[in-house]
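Below you'll find the structure, written out as structure tokens, and then a few comments.
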Amino acid sequence: MPKIKEIERTPNPDAMRFVLGEPLTNGVTKSFENSAEAEDDELASALFSIDHVINVYYVDKYVTVTQDGKEVWSDLLRKLAPPIREAEPQMHLEEDEEVHATKEVQETDDPRLKQINQMLDEQVRPYLLADGGGLKIIALDGNRLKVHYQGACGTCPTATSGTLYAIESMVKRIDPEIQVISV
């Protein structure tokens, strides 16, 4: 059972990140945007059963929970802590093949997409993870790169402004014609 070492605020006022004493997964990222997606995941299901939880994201020693903004954090944290403490490590999990990019993106022969995904892996995703979230590439339609924020980043006010602008600036070094949109 993981011990909660710290509870950290994220840039998103509606998300908190729990730092655990030991890993919950072996590097596998799990992202759930609703209870239906989480029905086969014991931890995520337990967290979604708590009123006001709208997103669960976890990897290694980190669990990020996003709420709908209608609950006082001090009250909600008392409800979230027990299921996180009782969670069993899941070292057998296999990575969701589409957690960082859709199959279409992974199977593309477009060199721009390969470069963009590598750049995101090296320069963006580690920082988003530090803030309790992640980023998935949905598609490159013409010159429109569609991305989807995960975890705390999904409802963060700065994700659709500052972070998106920074990502677009990096992507424009690969192809100046590409516009990045969040979906």
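Derivation of every value follows stated rules applied to the coordinates shown; laboratory data play no part. Since this is a predicted model, take the numbers as computed values, not measurements. Using ideal geometry, Cβ is built from the backbone for each residue, glycine included, and neighbour counts are taken over all protein chains shown.
Among DSSP bridges having both ends in the stretch 103-182, what percentage is antiparallel? Round to the nearest 5. Numbers along the way, then the final one.
Working: 8 of 12 bridges.
Here the share of antiparallel DSSP bridges comes out near 65 percent.
With Cβ to Cβ distances under 15 Å as the rule, what net charge do the other residues near D14 carry (K, R +1; D, E -1)? Present the calculation step by step, with values, prior to reporting the outcome.
On the way: positive: R9, R17, K70; negative: E8, E33, D51, D68, E71, D75, D131.
Net local charge, D14 excluded: -4.
Which whole-Hz ³J(HN,Hα) couplings does the stretch 84-89 yield from phi under the Karplus relation 6.51 cos²θ - 1.76 cosθ + 1.60, θ = phi - 60°, glycine and proline marked x?
Here the 3J(HN,Hα) series is 5, 5, 7, 5, 8, x Hz.
Just the number: Rg to Rh for the chain, Cα atoms, Kirkwood Rh, two decimals.
Details: Rg = 16.6 Å, Rh = 16.9 Å.
Here the Rg-to-Rh quotient is 0.98.
Determine the relative contact order of the stretch 103-182: mean sequence separation of Cα pairs under 8 Å and six or more apart, normalised by residue count, in whole percent. All intermediate terms of the calculation are to be shown ahead of the outcome.
Numbers: 90 pairs, mean separation 21.7, N = 80.
Rounded, it is 27 percent for the stretch 103-182.
Compute the signed sum of charges (Lys and Arg +1, Asp and Glu -1) over the other residues within less than 13 Å, Cβ to Cβ, of S182. All intermediate terms of the calculation are to be shown ahead of the outcome.
Details: positive: K136, R144, K146; negative: E168.
For residues surrounding S182, the net value is +2.
Per DSSP H run of at least 4 residues, take -39500 (n - 2.57); add these up for the chain, divide by its residues and hand me the 222 nm value, nearest 500 deg cm²/dmol. Intermediate values should be presented prior to the final figure.
On the way: 6 runs with 51 residues, N = 183.
Computed mean residue ellipticity for the chain: -7500 deg cm²/dmol.
Which far-off residues, 5 or more places away or on another chain, put their amide H under 5 Å from the one on N55, with H placed in the peptide plane?
Correct list: T66.
Please give, to one decimal in nm, the separation of the simple spin-label points placed at D121 and E98, each 7 Å out from Cα toward the Cβ.
2.0
Quote the relative contact order of the chain in percent (integer), defining contacts as alpha-carbon pairs under 8 Å separated by 6+ residues. Don't jump to the answer; show the numbers that get you there.
Values: 339 pairs, mean separation 41.5, N = 183.
Relative CO of the chain lands at 23 percent.
Taking 7 Å along the Cα-to-C-beta vector as the label spot, tell me the D68-A130 distance in nanometres, rounded to one decimal.
Result: 3.4 nm between the two label points.
Rounded to whole Å, give me the distance from the Cα center of the stretch 72-133 to that of the stretch 32-46.
Taking the Cα centre of each part, the stretch 72-133 and the stretch 32-46 sit 15 Å apart.
Just to confirm a number: summing +1 for Lys and Arg and -1 for Asp and Glu over residues other than Y149 whose beta-carbon lies under 12 angstrom from that of Y149, what do you get?
On the way: positive: R125, K136, K146; negative: E33, D131.
With Lys, Arg at +1 and Asp, Glu at -1, the neighbours total +1.
Which whole-number percent is the relative contact order of the stretch 4-86 (Cα, under 8 Å, 6+ apart)?
On the way: 138 pairs, mean separation 25.6, N = 83.
Relative contact order comes out at 31 percent.
Arrange the peptides 14-23, 71-80, 50-59 so that the one whose residues have, on average, the most other Cβ atoms within 10 Å appears first. Write out the running numbers ahead of the final one.
Numbers: 14-23: 18.8, 71-80: 13.6, 50-59: 21.5.
So the order, starting with the most tightly packed, is 50-59, 14-23, 71-80.
With θ set to phi - 60°, apply the Karplus curve 6.51 cos²θ - 1.76 cosθ + 1.60 along the stretch 13-23 and write out the HN-Hα couplings as whole Hz, x wherever there is a Gly or Pro.
So the Karplus estimates, Gly and Pro as x, are x, 9, 10, 10, 10, 9, 9, 9, x, 9, x Hz.
Long-range amide H contacts for L24: which residues qualify at under 5 Å (H placed 1.01 Å from N, peptide plane, sequence gap of 5 or more or a different chain)?
D60, K61, Y62
If I model a spin label at D40 and D110 as a point 7 Å from the Cα along the Cα→Cβ vector, what separation in nanometres do I get?
About 2.9 nm separates the two model spin labels.
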